[in-house]
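The values are calculated or read from the model by the stated rules, or taken from the named source; none is laboratory data. What you are looking at is a predicted structure, and each value in this text was computed from that prediction instead of being measured. Methodologically, a virtual Cβ is constructed for each residue, glycine included, from the backbone with ideal geometry; neighbour enumeration extends over all protein chains shown. With ligands, DNA and RNA removed, areas are computed over all heavy atoms of the protein, side chains included. Shrake-Rupley method; radii C 1.70, N 1.55, O 1.52, S 1.80 Å.
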Amino acid sequence: MKDFILPEDADFGTPPVHSETLVTLTIDGLEVTVPEGTSVMRASAIAGIQIPKLCASDNLEAFGSCRLCVVEITGRRGAPASCTTPVAEGMVVRTQTEKIKKLRRGVMELYISDHPLDCLTCSANGDCELQDMAGAVGLREVRYDAVEQHFTPRQNGEANPHYIPKDDSNPYFSYDPSKCIVCSRCVRACEEVQGTFALTISGRGFESRVAAGMPGDDFLSSDCVSCGACVQACPTATLQEKSVIEIGTPERAIVTTCAYCGVGCSFKAEMRGDEVVRMIPYKNGKANRGHSCVKGRFAYGYAVHGDRILKPMIRDDIHDPWKEVSWEEAISFAARKMRAIQAEHGRASIGGITSSRCTNEETYLVQKMIRAIFGNNNTDTCARVCHSPTGYGLKTTFGTSAGTQDFDSVEQSDVVVIIGANPTDGHPVFASRLKKRLRAGAKLIVIDPRRIDLVKTPHVKAAHHLALRPGTNVAVLTALGHVIVTEGLFDERFIRERCDWEEFQFYAEFVSDPRHAPEATEMLTGVPAAELRAAARLYAKGGNGAIYYGLGVTEHSQGSTTVMAIANLAMMTGNIGREGVGVNPLRGQNNVQGSCDMGSFPHEFPGYRHVSDDTARSVFEKMWGVELDAEPGLRIPNMLDAAVAGSFKGLYVQGEDILQSDPDTKHVSAGLEAMDCVIVHDLFLNETAHYAHVFLPGSTFLEKNGTFTNAERRINRVRKVMAPRNGYEDWEVTMMLANAMGGNWTYTHPSQIMDEIAATTPSFASVHYELLEREGSVQWPCNEAHPIGSPVMHIDGFVRGKGKFIVTEYVPTDEKTGPRFPLLLTTGRSLSQYNVGAQTRRTHNVVWHEEDVLEIHPHDAEVRGVKDRDWVRLASRRGDTSLRAHVTERVAPGVVYTTFHHPETQANVITTDYSDWATNCPEYKVTAVQVSLSNGPTDWQEDYEARATLSRRILPAAE
Amino acid sequence: MLPDKIVYMANQIATFFESQPEQDRLEGVVTHLEDFWDPRMRRQLFELIDAGGKDLSPLIIEAASHLKRPRQTA
């Protein structure tokens, strides 16, 4: 695929080779020195000579099928393919001789004899490597009149048996076999880059065709995950984005950062005017290295969806219809209400929620407004309900709340442990990078109640799957510690050097107690002792051991304890402080890391400094010119509790849908309903907006400047590719509200906000937009000690000094199964949908996941008379809902599973109010439930739907 | 905030620190409550303790005697 060549974005034909040994050769008279093992094609590209090619691309291993890249090498016979020929010392290569020119023209002539000559109307016109190569080799005529060919529906007056019509089943791209040159780039991209193995070449010789899945499948029904790697790899119009077919080729490209998960992929937004033509993963993006998933590449259509609210709206009562008003009116209405609440109920009676989907700069401003202008610390963020235990747990053990590695690190791992995460669905690009490493021989341990895809997927099989009962994480991890300590598998040198030996002694005594032995916990956790012991031995002694974890760890009443148990395992085995190891939280949303870094939590300023810390507070008091509260504020669940109790009355919510995403929906709605002023700042009239008095339209990531910080602490630029359709970037909206409440802020660009962050926050001291322009991205800490950031943390010592071992006693959750609620519900996310689905439900991604379904084991289904696709009622002690059943062995008997992407299902009506002991992170992952057959939506669902419709009424604007 | 919720949350914190080395328990609970509980939550805790501390873990009651009483109004 030809695309916009940004600096260092060129295709070198074959992947780079890492070797200490250098080899010097001559190509067309130019001397070039490259690492041993490099291909002649790549060496030429480095020397500045582009050898014609069709089947080669530097993100794929050399294949040597197109024969276009032939060269002559002195002393060797024939014309070897430059892509598959490694360089040798003193080699003399000629890429353009009479013999080579003739050979290449002959190859092209054969290709073109079986290719339609409809270039002018072809969707790849101007973006076709076949076209380019025909030009490059000087093809001037095609002498062959093909007796048989693949590209016309009819030939010689009859149906052409070789013709296969276009496959338009995928909503985002089409497959047109008539344009295919069978270079296999798509098949190889699916294998090597994505790791799904959905594509193959069926048939042989003239019958060779690209095929998705099994015979009879189309792209949609196959295993294809629509990552688009094949489309990007295709040199012709065979696999083509439908957006390009509809719009035409783009005219410029702007590098920006995806706004979906915490992998934080870099993309080139390819534009024509202010229309996005397509998103192409950016090759130099250090998180994704040129790969993407279906969400990032294709699911951006929500930005122009008709449901977007573009005008501010207000109402006095949540039962009234909305009234569209000017920005000035909406802002002054909101400011007046918030100040009135404070006058009546006190300074601490209002607060706000920052968004983990917004930029660092926007998040910083929201917490600044709350602390400096609201005058309290009632700020929180949705990280409360996902990774707050990571913050507590890693800060306690290591000294800072962040993953220890970059994503490149996985390439050096020998044993990877995945705990409570489902990377192929939740963090697909990381999963692809992980699978690549696993195919190269690294071992995998999965600790998850569900048989996630990684347990067994083409060419990947977990060495151990510890399918624990939901809620027993701490018991399992402590048992792993028991095996490592009692079998003497720990790294004494590391512990003595880097941790407190006395503390370890106390921990070792605790964990060695026979009650923590896997044999003792087996009955409780459901994990066979022998399997657990084998997994512990593998992690401890299998080489570089890396742990990646997700919300299956944090969203429990012992979430923080589990994070600390993970940190214990990494410390005792010495798996910290170098490449290939570490403890890595996979963050749910694009800017969870950033929103935490930016001081969104009620107890800490940007850079994780407690509000009672006088030194830190004085830095901000000086910068902001106000006195700040030294007491921690309310966390989201506390805000809702306080609202029900009457002491919390006003809330500004930026880019979050707490009614749908937070647990125990009825409690959330009671809290919201009890407030006098709820300001929702969002793209859509989300579920929370049912209870809002002010709606401020938000802008998408395509419409603003700023930065996101991904799960590897990487600060990536977000660049505005189109004007905000709502009129303002989100930071400007917050600034208007702050100023209406007396703020007097004067920012004109987010770079000024970043400068303020750098000036106040030691770990960001050197982060400025100029540095980001120059480096592309940096990982914090980035300051005088680490001028271009820190890929790996805790290299010479822990941030806190000595690593701290914490005793992790298992405490069962109070959410217990019983005769009325015998099953355990756990929740998660799917590949095609994202979080509450506000964005992805407004794209074609719904073809893969149009509703939430309940996964249930065949045994549990049978005893309840439930068949696949039956409507079932799912009830807990908190509430009930209904959805369709999916009978599958992915879940163990006794466990059921669903997603929370659709408001119609509202899985959170079921979830409980229990939360992590340290952080109040809700216990989404364990709810005792019963499942029974049902006829359709419950009364609650019907009432909710009616209420939602009523609440979304909008009166036309007054003239 | 409902009183039983304050009790529940406080006891969860106590349960964790009860498993820690003896010398760290009290300080752990005190620091945790001061660092993470907003003043109105701590005030409610004091109200419960003043009313006899029913259902509260002894470690919480002991910790409260080391805890600063938040000012009445914010």
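Okay, here's what the table says:
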quantity	calculated
On Cα atoms only, tilt of A:529-541 relative to the major axis of chain A in degrees	70
Estimated FRET transfer efficiency (A:ALA785, B:LYS68; beta-carbon r; R0 51 Å; 0.05)	0.90
Net length gained if the chain between A:ILE201 and A:GLU775 were fully extended (0.36 nm per residue, minus Cα distance)	202.6 nm
Reachable lysines from A:LYS802, criterion Cα separation under 17 angstrom, eight or more residues apart if same chain	A:LYS395
For the protein assembly as shown: accessible area per residue (Å², 1.4 Å)	36
Alpha carbon centroid spacing (whole Å) that separates the stretch A:567-630 from the stretch A:351-378	15
Cβ-based net charge around A:ARG587, under 14 Å, with every Lys or Arg adding one and every Asp or Glu removing one	+1
The stretch B:3-64, accessible surface, carbon-and-sulfur percent (1.4 angstrom probe)	53
Within the accessible area of chain A (1.4 Å probe), percent carbon and sulfur	51
Relative contact order (percent, whole number), the stretch B:3-64, Cα cutoff 8 Å, 6+ residue spacing	50
Net charge of Cβ neighbours under 12 Å - reference A:GLN96; Lys, Arg +1; Asp, Glu -1	+2
Simple spin-label estimate for B:GLN23 and A:GLU945 in nanometres, 7 Å along Cα-Cβ	6.4
FRET efficiency, B:THR31 to A:TRP871 (Cβ-Cβ, R0 35 Å, nearest 0.05)	0.10
Fully extended contour minus Cα-Cα distance, from A:ARG820 to A:ARG515, at 0.36 nm per residue	106.8 nm
Candidate lysines for bridging to A:LYS456, where Cα separation is under 20 Å - those fewer than 8 sequence places away on the same chain excluded	A:LYS435, A:LYS436, A:LYS443
Total accessible area lost when B and A pair, probe 1.4 Å, Å² to nearest 100	2500
Helix A:98-113 vs. chain A, principal-axis angle (Cα, 0 to 90°, nearest 10)	70
³J(HN,Hα), Karplus 6.51/-1.76/1.60, whole Hz, each residue of the stretch A:167-183, x for Gly, Pro	9, 9, 5, 6, x, 10, 8, 10, 10, 10, x, 5, 9, 7, 10, 6, 7
Compactness of the stretch B:3-64 as Cα Rg over 2.2 N^0.38 Å, two decimals	1.01
Degrees between helix A:473-486 axis and first principal axis of chain A (Cα, 0 to 90, nearest 10)	70
Electrostatic dipole magnitude of chain A [Cβ: Lys, Arg +1; Asp, Glu -1; Cα centre; debye, to 20]	1640
For chain A, projected area of the alpha-carbon convex hull averaged over all directions, nm²	41.7
Value of relative contact order over the stretch A:741-792, rounded to a whole percent, pairs C-alpha under 8 Å and six or more apart	24
Cα-centred dipole magnitude for the stretch A:171-258, charges only on beta-carbon of K, R (+1) and D, E (-1), debye, nearest 20	220
Under 5 Å, built H, 5+ apart or other chain: amide partners of A:VAL778	A:ILE715
List of the stretch A:764-809 residues, accessible area with partners at least 30 Å² below that of the chain alone (1.4 Å probe)	A:VAL807
Listed residues A:GLY48, A:ALA875, A:TYR549: farthest to the positive end of the dipole of the protein assembly as shown (Cβ charges)	A:GLY48
Segment A:GLU158-A:THR74, length gained on full extension (0.36 nm per residue, minus Cα span)	25.1 nm
Projected label distance in nm at A:VAL92 and A:LYS622, using a 7 Å step from Cα toward the beta-carbon	7.0
Percentage, to the nearest whole number, of Cα pairs in the stretch A:807-959 over 21 Å apart	50
Computed E for B:THR15/A:ASP168 - FRET, C-beta separation, R0 51 angstrom, nearest 0.05	0.30
Value of [θ]222 nm, deg cm²/dmol, for chain A, DSSP H segments ≥ 4, -39500 (n - 2.57) each, nearest 500	-8000 deg cm²/dmol
Sequence-distant aspartates and glutamates (8 or more away, or on other chains) whose Cα lies within less than 14 Å of A:LYS311	A:GLU324, A:GLU328, A:GLU329, A:ASP682, A:GLU729, A:ASP730
Integer Hz, Karplus 6.51/-1.76/1.60 couplings in order for the stretch A:920-932, x for Gly and Pro	6, 5, x, 8, 5, 8, 9, 9, 6, 9, 10, 10, 9
Karplus 3J(HN,Hα) series, Hz, for the stretch A:304-312 with 6.51 cos²θ - 1.76 cosθ + 1.60 (x for Gly, Pro)	10, 5, x, 6, 5, 9, 10, 10, x
Chain A: relative contact order as a whole-number percent, Cα under 8 Å and 6+ apart	13
Placed amide H near A:VAL929: partners under 5 Å, 5+ positions off or other chain	A:LEU823, A:LEU824, A:LEU825
Positive minus negative residues near A:ALA146 (Lys, Arg vs Asp, Glu; Cβ under 13 Å)	-3
10 Å Cβ neighbours from other chains, averaged over peptide B:37-45	6
Cβ charges +1 (Lys, Arg) and -1 (Asp, Glu), total dipole of the stretch B:3-64, debye	240
